[in-house]
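Okay, structure first, notes after.
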Amino acid sequence: MDGTVNLQDLVAVLRASEVFRNKCHIGPVAEAFTGLAEAFGIRNGDDAAAIPDGEGHLLLAAEGIVAGMVRENPYLAGRCAVLANVNDIYAMGGRPLAMVDVIGTPDEHSAREVARGMKDGAQRYRVPVVGGHVLRTGGDSSVALAILGRAKRLITSFDAQPGDCLVLASRTNGRWLDGMGFWNCTLPEDDATLPAHLDLLPQAAEAGLVRAGKDVSMAGIAGTATMLAEGSGIGACIDLNALVPPPGVALASWLLAFMSYGFLLAVSPEKSAAVAKHFAGHGIAVARIGAFCRERRVSLRQGGEDCVLWDFAAQAFAGGGAA
């Protein structure tokens with residue numbers, strides 16, 4: 001990254017963003033279910049619920065799409081619902097099996113466009129939509145999708161260790177959708193390459209290359225790294241000099257961007273070269289953008305200057321934590 005930024009101003013922008021505020025709303029809801037999942041041997045707070053099943057795990061996840069996107073572009077909302085769910089499964093080292101939807105719209109046209117987007121996304125990712133529910137609403141629209149997958153070996157949000165590298169695996173060629181804060185880097189991929197690139201995640205898990213990880217979702221790089229550190233009961237430092245936003249994209253926007261293909265990984269230093277080779281050999285960019293630490297906070301670093309983005313001792317973020 002060229003140039004410098006005022007770290008305190010950047011922290012203020014990130015903390016005041018809608019996606020950061022939304023993550024802080026998760027904790028009170030999660031508290032209502034405290035102990036329920038654990039009573040069945042399932043840990044809550046990951047990208048997907050990992051349900052022990054024989055020698056592996058079934059993975060169950062769900063994602064909702066913000067109402068603004070459904071209103072403005074119902075077709076894209078349908079595609080993004082598929083994308084978000086598929087990424088959740090691959091991010092945990094799994095492979096998706098099937099999806100079901102819940103579509104709520106005030107008119108038939110919107111419902112058809114959402115369904116069309118879901119169908120196109122499902123065909124592209126080779127994951128069927130096998131059922132669901134449709135609601136006719138009196139006002140606003142809503143879209144949600146749930147997905148089932150299976151993993152032989154998990155990538156969790158709970159197992160990053162102090163000293164691990166914070167690694168970003170992403171595609172550098174894409175299209176920036178400014179009004180939505182969306183880095184669409186799957187458009188250049190053909191339908192055969194796309195699932196193959198996602199399958200690099202379970203391959204890395206099964207080879208023991210990755211300790212922990214999450215997909216870069218609506219919380220962006222900054223929020224996703226914060227959730228990963230919180231879930232593992234540790235902290236992290238993000239090196240801004242290692243981040244290269246696309247031309248014309250501000251650093252704050254890039255730190256908050258939803259990526260159609262982007263994964264943050266916790267990798268032990270001795271395996272970082274193997275991880276880079278694993279992804280780069282298939283055209284995926286791999287960058288070490290920071291490291292995990294014992295201190296229970298997330299910081300931004302530029303040159304020799306650090307600024308605390310989130311202090312878990314003062315406030316929970318999404319409410320996740322190591323068991």
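The values are calculated or read from the model by the stated rules, or taken from the named source; none is laboratory data. These numbers come from a predicted model, not from an experiment. A quick note on method: Cβ atoms are made from the backbone with ideal geometry, for glycine too, and the neighbour counts reach across all protein chains shown.
Quick grid of which residues meet (1) closer than 15 Å to VAL167 by Cβ; (2) modelled with pLDDT of 95 or more:
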residue	(1), (2)
ASP199	no, yes
GLN203	no, yes
GLY223	no, yes
ALA229	yes, yes
ILE234	no, yes
CYS237	yes, yes
LEU243	yes, yes
PRO246	no, no
SER260	no, no
For GLY138, the lone unmet condition from (1) in a strand (DSSP E or B); (2) of a type outside the set (D, E, K, R); (3) over 17 Å from PHE258 (Cβ atoms); (4) assigned by TED's automatic domain parsing to the domain that holds GLY64 is (1)
Do you know which residues across segment 281-311 are among the hydrophobic types (A, V, I, L, M, F, W, C) and over 20 Å from the mean Cα position of the chain (by Cα)?
CYS293, CYS307, VAL308
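Can you confirm whether segment 109-121 contains a residue that is among the small types (Gly, Ala, Ser), out of contact with any helix residue (DSSP H, G or I) (no Cβ under 6 Å at 6 or more places or on another chain) and closer than 22 Å to ASP46 by Cα? Outline the logic, then answer.
We begin by selecting, within segment 109-121, every residue among the small types (Gly, Ala, Ser); these are 110-111, 115, 117, 121.
From what is left, the residues that are out of contact with any helix residue (DSSP H, G or I) (no Cβ under 6 Å at 6 or more places or on another chain) are 111, 115.
Keeping just the survivors that are closer than 22 Å to ASP46 by Cα gives none.
The answer is no, given that none of the residues of segment 109-121 is among the small types (Gly, Ala, Ser), out of contact with any helix residue (DSSP H, G or I) (no Cβ under 6 Å at 6 or more places or on another chain) and closer than 22 Å to ASP46 by Cα.
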Among (1) under 30 Å from GLY68 (Cα atoms); (2) within 21 Å of the chain's Cα centre (by Cα), the one test that SER268 misses
(1)
What are the residues in segment 62-112 that are more than 24 Å from ASN22 (Cα to Cα), at pLDDT 95 or above and crowded, with 17+ Cβ neighbours inside 10 Å, if any?
GLY93, GLY94, ARG95, PRO96, MET99
Residue in segment 143-187 that is surrounded by the most Cβ atoms within 10 Å (Cβ to Cβ), counting only those that are in a loop (DSSP other than H, G, I, E, B) and either free of Cβ contacts under 8 Å to residues at least 12 places away in the same chain or of a type in the set (Lys, Arg) (or both):
ARG171
Filtered residues of segment 221-235 (kept if in contact with a strand residue (DSSP E or B) (Cβ under 7 Å, 6 or more places away or on another chain), part of a helix (DSSP H, G or I) and not aliphatic (A, V, I, L, M))
THR224, THR226, SER232
So which residues in segment 290-319 are in contact with a Cys (Cβ under 9 Å, 6 or more places away or on another chain) and among the β-branched types (Val, Ile, Thr)?
VAL298
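At least 1 residues that are surrounded by fewer than 20 Cβ atoms within 10 Å (Cβ to Cβ) in each: list the strands (runs of 3 or more DSSP E) lying fully within segment 236-323 that qualify.
285-293, 297-302, 305-311
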Considering only residues that are modelled with pLDDT under 90 and of a type outside the set (A, V, I, L, M, F, W, C), which ones fall in segment 113-150?
ARG136, THR137, GLY138, GLY139, ASP140, SER141, SER142
For the subset of segment 27-42 comprising residues that are of a type in the set (Val, Ile, Thr) and in a loop (DSSP other than H, G, I, E, B), which member is farthest from the chain's Cα centre (by Cα)?
THR34
Flagged pairs (Cβ under 9 angstrom, 6 or more apart or on separate chains; first in segment 277-304, touching a residue at least 40 places away in the same chain (Cβ under 8 Å) and assigned by TED's automatic domain parsing to the domain that holds HIS197; second of a type in the set (Phe, Trp, Tyr) and surrounded by fewer than 16 Cβ atoms within 10 Å (Cβ to Cβ)) are none
By residue number, the members of segment 188-217 that are more than 12 Å from PHE263 (Cα to Cα) and not in a helix (DSSP H, G or I) are PRO188, GLU189, ASP190, ASP191, ALA192, ASP199, ALA207, GLY208, LEU209, ARG211
Name the pairs: first residue in segment 86-115 and under 26 Å from TYR261 (Cα atoms), second residue of a type in the set (Phe, Trp, Tyr) and outside any strand (DSSP E or B), Cβ to Cβ under 9 Å, at least 6 apart or on different chains?
VAL86/TYR125; ASN87/TYR261; PRO96/TYR90; PRO96/TYR125; GLU113/TYR75; VAL114/TYR75
Hey, does segment 10-23 have a residue that's assigned by TED's automatic domain parsing to the domain that holds PHE279, outside any helix (DSSP H, G or I) and under 19 Å from SER217 (Cβ atoms)?
yes
